[in-house]
1. Looking at region 171-210, which of the residues that are over 15 Å from the mean Cα position of the chain (by Cα) and of a type in the set (D, E, K, R) is surrounded by the fewest Cβ atoms within 10 Å (Cβ to Cβ)?
2. Tell me, which helices (runs of 4 or more DSSP H) lie completely within region 240-352 with 2 or more residues that are over 30 Å from S185 (Cα atoms) and out of contact with any Leu (no Cβ under 6 Å at 6 or more places or on another chain)?
3. Looking at (1) open to solvent by 10 Å² or more (accessible area, probe 1.4 Å); (2) of a type outside the set (A, V, I, L, M, F, W, C); (3) in contact with a helix residue (DSSP H, G or I) (Cβ under 9 Å, 6 or more places away or on another chain), can you tell me which one E242 breaks?
4. Can you tell me which residues in region 211-230 are assigned to a helix (DSSP H, G or I) and either open to solvent by 50 Å² or more (accessible area, probe 1.4 Å) or touching a Gly at 6+ places or on another chain (Cβ under 8 Å) (or both)?
5. For D286, all conditions in the list (1) over 30 Å from L364 (Cα atoms); (2) open to solvent by 40 Å² or more (accessible area, probe 1.4 Å) hold save one; what is the number of the exception?
6. Answer yes or no: is there a residue in region 411-427 that is surrounded by fewer than 20 Cβ atoms within 10 Å (Cβ to Cβ), touching a helix residue (DSSP H, G or I) at 6+ places or on another chain (Cβ under 8 Å) and modelled with pLDDT of 95 or more.
7. Can you tell me which condition F395 does not meet? The list is (1) more than 25 Å from G335 (Cα to Cα); (2) surrounded by fewer than 24 Cβ atoms within 10 Å (Cβ to Cβ), and all the others hold.
8. Would you point out the residue of region 526-553, among those that are touching a Ser or Thr at 6+ places or on another chain (Cβ under 8 Å) and surrounded by fewer than 19 Cβ atoms within 10 Å (Cβ to Cβ), that is farthest from H621 (Cα to Cα)?
Amino acid sequence: MSPDISRQRDVSRRRMLALGGGALGAAAAGSLLPPSLRAAMAAPAPAGGLRAVRHVVILMQENRSFDHYFGTLRGVRGFGDRNAVELPSGRTVFEQPGPLGRTVLPFPVRDAAEAQRKDLQYIGDLDHSWGGGARAWRDGWMDGWVPAKTAATMAYYDRRDLPLHYELADTFTICDAYHSSVHTSTSPNRNHLWSGWTGYEADGSRAVTNAAYAEGTHPGYPWPTYAERLEKAGRTWKTYTEWENFTDNNIEFFTTFKKIARKALAATGGHTYMESFYAAVRETGDAAERARLLAALEDGVATLDDRERSLFERGLRRVGTGTLADAFRADVAAGTLPEVSYLVPSAADSEHPGASSPIASATLVHKVLDALGSHPDVWRHTVVLINYDENDGFFDHVPPPVPPADDPDERWKGLPTGLGIRVPLLVVSPWTVGGHVCSEVFDHTSVIRFLERWTGVAEPQITPWRRRVTGDLTSAFDFRRGRPQPEVERPGAVPPFTGRWRPQPPQAQHMPVQEPGTRPARPLPYQPDAHARLRDGAVAVTLSNTGTAHVPLALYPYAGEFAAPQHLDVRGSAQWTVPLAGDAYRFTITGPNGFRREFAGRATGAAQVTSRIDPHERDLHLTLAATGSGPVTFTVRPLGYVDEADLAGWTRRVTVKPGRGRTVVHSAADAHGWYDVEVTGPDGFRRRLMGHIENGRPSVSG
């Protein structure tokens, strides 16, 4: 799928020169955003909520994980994550096992580029197959990244390397719990974007590979796309894509569109699918031959009936190489921008680490945003979603939610099809200005669900489990009030292009330091809690979630209670029975937005802690109980979110008489609802409670 390298270099240089005349000129004034967009943002966001949205623009780029791009960004769940899971080895998830017993930590692409005398923009791609994804995830332990992907998986960029990306995050809203849809490559993930799921191949196997790219022999996917549902409902939509589109326009691989393509191509001299035809168009050096081919296509298009013609023009029509942004701009200027736009760039602009670069994508994004900013009334009613289809092979530390073991829609050969690894999502609109973070769990089907909410056109193919554990993106928006544009740091210089390479970790390693500070955070529909007690030779865990959405929780069994991490989606209340594997237990339960509960103790322990969350006062109530025949002395102390100079003042020692209980209240109000509290007792008894108390209002990141 990689383009010719010499052509790629020429295109890349051309793209950089274009950026130099636009975004780099703006950088001199301290911003890479188009001046037109900055001017348009001065107007307040229109009222009316979702009804005020007239256009949604979806730009799905290629193959970058969240940590790979934004692990160092301030105020998100990145390299400074307090809720990072522990590996079976006892190390943190950031300390990945490597060859010969060596540990590989995240390391900067920039440093590797200097050491290897390479260009940091043009690193190469890694394994991103179904099998490789399963090996990295490793039953949920998240410790197979280096063997599955090589040490290059741990390479990351920072603000200096991705100035426009970081400025977009600082100016608009970034989602730090947005996941790819499936543990595998491009095509199955784009199936989820286009249709809500990835079903089965003609031979009965699950569509979890890029088999659709064999267009000459692949029969196509028979289920309908969401675009067809929009069409039937009379809503306008369109795909913007060039003669060369990296085979990323997945709508071409669905049966309905393959049939239309064959009919439209009937007069072109043997071409039966779009990629074959457009490859001939772009590869011929004979202008007359190119004109003949394009004319033959028009002859075939003329034979389509009205329905077929509409689907062809909206879904299959391609524009000349390098003109995607121009075509988009023309429709914005003419007032013909559809309600839903899918932007499918060329390989050179796709951001794929095997064919593109961040700078090429930044140029395209700059042009798209300039087109909107140049027409302020269009901008005021537009939502731009910039996401990534999958993580390539690049590391991310946040374990994805996992479906139940008996869910036939979300399992294949004993493995979960999703959710996949975390990837970035930037939400650019008048209603997302302010440098916010949204930490609700999303995936690619969330894009369709946002369109559902906005248009009223339903997509029945999204599985019940995905609807249960992922949101519809509306929590990323503030439709009630406008926000002033925040100050942003001056972006770094754009480095020049060199060759393709794979970064290697340095000999002397250290954990990356995430940018200090917080960012405003959107309110979330979660309020989980968990506490436990010994009962009948097991640990009985009581789970609760008083929020309005299911919260996906994972249990990590460090004392051998289970063979692999366990998963449960909770709304209301639920129970988890954890068997004792010996005379002691130690396990951790984690969830979104920093939720964490750690449990440790002896099988004969006589201490117990129950918890209750008061969202109104933002208090954590801890009831300490002595369940045996003697008194128990507990120590309650904060591990974070309080002034370190006052830690002693927060620490309490509480003695509880046998058969009695005492309640201690920990206030999280001054910490914007964030808490991290440890309770210890005799015989190794320990509880850690960490998370955020939601109150329905905006907050700050932890």
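1. Among them, the one singled out is D203.
2. It comes to 287-301, 306-315, 324-334.
3. Of the numbered conditions (1) open to solvent by 10 Å² or more (accessible area, probe 1.4 Å); (2) of a type outside the set (A, V, I, L, M, F, W, C); (3) in contact with a helix residue (DSSP H, G or I) (Cβ under 9 Å, 6 or more places away or on another chain), the odd one out for E242 is (1).
4. A212, Y213, Y226, A227, R229
5. Unmet condition: (1).
6. Yes, region 411-427 contains at least one residue that is surrounded by fewer than 20 Cβ atoms within 10 Å (Cβ to Cβ), touching a helix residue (DSSP H, G or I) at 6+ places or on another chain (Cβ under 8 Å) and modelled with pLDDT of 95 or more.
7. Looking at each condition in turn, F395 falls short on (2).
8. Looking at residues that are touching a Ser or Thr at 6+ places or on another chain (Cβ under 8 Å) and surrounded by fewer than 19 Cβ atoms within 10 Å (Cβ to Cβ), I get A538.
The values are calculated or read from the model by the stated rules, or taken from the named source; none is laboratory data. The shown structure was predicted, so the numbers you read here are calculated from the model rather than taken from an experiment. Note that each Cβ is placed from the backbone with ideal geometry, even for glycine, and that neighbours are counted across all protein chains shown. Remember, those area values only see protein heavy atoms, side chains included, never the ligands or the DNA or RNA. Shrake-Rupley method; radii C 1.70, N 1.55, O 1.52, S 1.80 Å.
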